[in-house]
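Following: one structure in structure tokens, then a few remarks.
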Amino acid sequence: MSDHVLDQAARLISGTQAGAVPVKAFFDEPTFTVSYVVHDPETRHAGIIDSVLDYDPASGRTSFKSADAIIAYVQEQKLTVEWLLETHAHADHLSAAPYLQGKLGGKLAIGAEIITVQNIFGKLFNAGTEFARDGSDFDHLFKDGDSFQIGNLKAMALHVPGHTPADLAYVIGDAVFCGDTLFMPDYGTARADFPGGDARQLFRSIRRLLSLPERTRIFLCHDYKAPGRDRYAWETTVSAERRSNVHVHDGITEDEFVAMREARDATLAMPRLIMPSVQVNMRGGHMPPPENNGIRYLKIPLNAV
């Protein structure tokens with residue numbers, strides 16, 4: 001079946017000089033999350049991808065060390081932030097996008113299927129009528145194949161559901177920011193057992209990404225250090241993933257992947273920060289509204305997932 005969106009993405013990558021797009025990574029070890037700043041060398045316009053708000057679950061306190069490191073880099077490099085891009089509503093860390101937006105500007109964007117996620121988790125957290133569930137917590141909702149620019153850098157969004165219904169990969173020049181969909185070749189792939197997740201969809205999304213040109217740089221949202229590897233890593237290529245991803249290398253069938261993924265997911269505990277993370281991130285990184293005592297609260301639904 002023809003995939004004209006993927007063809008467009010491939011042309012974008014092929015038309016960009018290899019390694020021409022500057023990418024700066026920021027690794028948050030407590031959540032094993034990698035955030036990125038990508039910029040256009042000509043205009044100095046930038047995008048920030050998958051930022052982290054520091055959160056201590058024992059005290060309920062938030063802080064901004066991770067986000068402030070991004071701010072310092074943006075200011076040092078004299079960049080103008082045009083976009084704050086979320087690959088999905090993360091279940092393992094809180095987004096710092098509203099804080100960064102207040103300091104640096106830019107439009108906050110995510111995939112259009114965030115509305116599905118908002119409906120699923122709005123019910124779980126009994127969010128009430130004040131939570132709109134229409135994507136309006138974000139400035140822009142991308143659909144599959146939507147094009148945009150960061151300065152003069154051409155970019156586009158690819159819908160890659162499976163981990164969640166709303167996952168996007170951002171193609172920016174010769175780089176792809178794939179969120180949780182893929183990990184390093186020696187670690188494998190994302191889980192697909194969250195509400196709205198689907199292992200079969202995930203396989204198809206991954207194979208779609210791995211149909212891009214082999215030299216395409218892939219930047220990951222997480223790394224957990226695979227057994228036998230003593231350093232964190234978050235940059236790979238389509239070629240490396242196709243050759244040696246332990247879950248989904250060339251030759252693995254869809255049925256084989258689904259059987260593996262569903263069996264593996266059944267053994268996994270929920271992420272440590274899933275409850276605070278999702279109810280904040282489904283709101284674009286904003287906290288729930290304060291109650292009548294002026295304090296904001298995060299809910300923990302009991303025996304619900």
Wholly within segment 18-121, strands (runs of 3 or more DSSP E) carrying at least 1 residues that are in contact with a His (Cβ under 6 Å, 6 or more places away or on another chain) and buried (at least 17 other Cβ atoms within 10 Å of the Cβ): 33-39, 45-49, 80-85, 107-111
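A quick yes/no check of all residues on (1) at pLDDT 95 or above; (2) under 27 Å from Lys24 (Cβ atoms); (3) β-branched (Val, Ile, Thr):
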{"position": "Phe121", "(1), (2), (3)": "no, no, no"}
{"position": "Asp139", "(1), (2), (3)": "yes, yes, no"}
{"position": "Pro161", "(1), (2), (3)": "yes, no, no"}
{"position": "Pro185", "(1), (2), (3)": "yes, yes, no"}
Does Asp40 satisfy the criteria of being closer than 20 Å to Phe177 by Cα, of a type in the set (Asp, Glu) and in contact with an Asp or Glu (Cβ under 8 Å, 6 or more places away or on another chain)? no
Only one of Ile300, Ile274, Ile295 is of a type outside the set (Asp, Glu), surrounded by fewer than 15 Cβ atoms within 10 Å (Cβ to Cβ) and under 13 Å from Pro57 (Cβ atoms), namely Ile300
Looking at segment 176-188, which of its residues are out of contact with any helix residue (DSSP H, G or I) (no Cβ under 8 Å at 6 or more places or on another chain) and surrounded by fewer than 24 Cβ atoms within 10 Å (Cβ to Cβ)? Tyr187, Gly188
Taking segment 141-164 and keeping only residues that are in contact with a helix residue (DSSP H, G or I) (Cβ under 7 Å, 6 or more places away or on another chain) and either surrounded by 24 or more Cβ atoms within 10 Å (Cβ to Cβ) or farther than 27 Å from Val246 by Cβ (or both), one is left with Leu141, Asp144, Gly145, Lys154, Met156, Leu158, Val160, Gly162, His163, Thr164
Does Glu241 meet the test of being of a type in the set (D, E, K, R), within 21 Å of the chain's Cα centre (by Cα) and surrounded by 19 or more Cβ atoms within 10 Å (Cβ to Cβ)? yes
Starting from residues that are aromatic (Phe, Trp, Tyr), touching a residue at least 60 places away in the same chain (Cβ under 8 Å) and buried (at least 19 other Cβ atoms within 10 Å of the Cβ), keep the ones in segment 189-233 and report whichever is nearest to His93 (Cα to Cα). Phe194
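The values are calculated or read from the model by the stated rules, or taken from the named source; none is laboratory data. It should be emphasised that the depicted structure is a prediction, and the values quoted were computed from it without experimental measurement. Note that we place each Cβ from the backbone using ideal geometry, even for glycine, and neighbour counts take in every protein chain shown.
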